[in-house]
Amino acid sequence: MDLHDAAPVLVEGRIRIPYRWPAGRAGGRFLALLRDEGRLIGLRCSRCRRVFVPPRARCLSCHVPCEEEIGVGPEGEVLAWTVSRRASPPAVLALIRLDGADTALLHVLQGVEPTAVRRGLRVRAVFAENRRGHITDLDGFRPL
């Protein structure tokens, strides 16, 4: 049999692929402050003045270094959201622009029915009790 003549075969399954990558200087500082002080920061572009959260070492528009650390949040507003029906109960994931930031952070909304979420909903960060330097040190966001 020639490979060109073979019929495609579909094999269903799941493959677990564990991975790691460095957070980098900006991400590492963000996660360390989240863990150690329960504080949220962004980095400001020296040219266009946009504040990036999560912090970025370089501006996405200007491509210049972002070095000025800015405290943001812990409150913000919902810009967009989706509901994951795979979770039980369904999980609400939202893009949240923290006060003082120009970009949004994707995270979980807690304590709100999916039908009650709306653009502009004011929320506040909820920090995990036991923090370990991971994005889950930010447990989620709750409506004000």
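Numerical summary
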quantity	calculated
Matching residues, region 85-144, being part of a helix (DSSP H, G or I) and over 14 Å from the mean Cα position of the chain (by Cα)	Pro114, Thr115, Ala116
Qualifying residue in region 23-32 (condition: surrounded by 15 or more Cβ atoms within 10 Å (Cβ to Cβ) and in contact with an Asp or Glu (Cβ under 8 Å, 6 or more places away or on another chain))	yes
Where Pro143 falls short, out of the listed (1) closer than 26 Å to Ala23 by Cβ; (2) at pLDDT 95 or above	(1)
Residue list for region 30-57, filter: closer than 19 Å to Asp137 by Cα and in contact with a Pro (Cβ under 7 Å, 6 or more places away or on another chain)	Phe30, Leu40, Ile41, Gly42
Residues located in region 96-111, provided they are closer than 17 Å to Asp139 by Cβ and of a type in the set (A, V, I, L, M, F, W, C)	Ile96, Leu98, Leu105, Leu106, Val108, Leu109
Residue within region 62-80 that is surrounded by 16 or more Cβ atoms within 10 Å (Cβ to Cβ) and either without any contact (Cβ under 8 Å) to a residue 40 or more places away in the chain or among the hydroxyl-bearing types (Ser, Thr, Tyr) (or both) present	yes
Single condition Ala7 does not satisfy, out of (1) closer than 21 Å to Leu106 by Cα; (2) assigned to a loop (DSSP other than H, G, I, E, B); (3) among the small types (Gly, Ala, Ser)	(1)
Residue tally, condition assigned to a strand (DSSP E or B) and of a type in the set (Lys, Arg), over region 27-78	2
Residues within region 123-136 that are out of contact with any strand residue (DSSP E or B) (no Cβ under 6 Å at 6 or more places or on another chain) and over 18 Å from Ala32 (Cβ atoms), tallied	0
In region 40-53, residue surrounded by the fewest Cβ atoms within 10 Å (Cβ to Cβ) [restricted to those that are under 13 Å from Asp99 (Cα atoms) and in contact with a helix residue (DSSP H, G or I) (Cβ under 9 Å, 6 or more places away or on another chain)]	Phe52
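The values are calculated or read from the model by the stated rules, or taken from the named source; none is laboratory data. None of these values were measured; they are calculated from a predicted model. Glycine also receives a Cβ, built like all others from the backbone with ideal geometry; neighbour counts cover every protein chain displayed.
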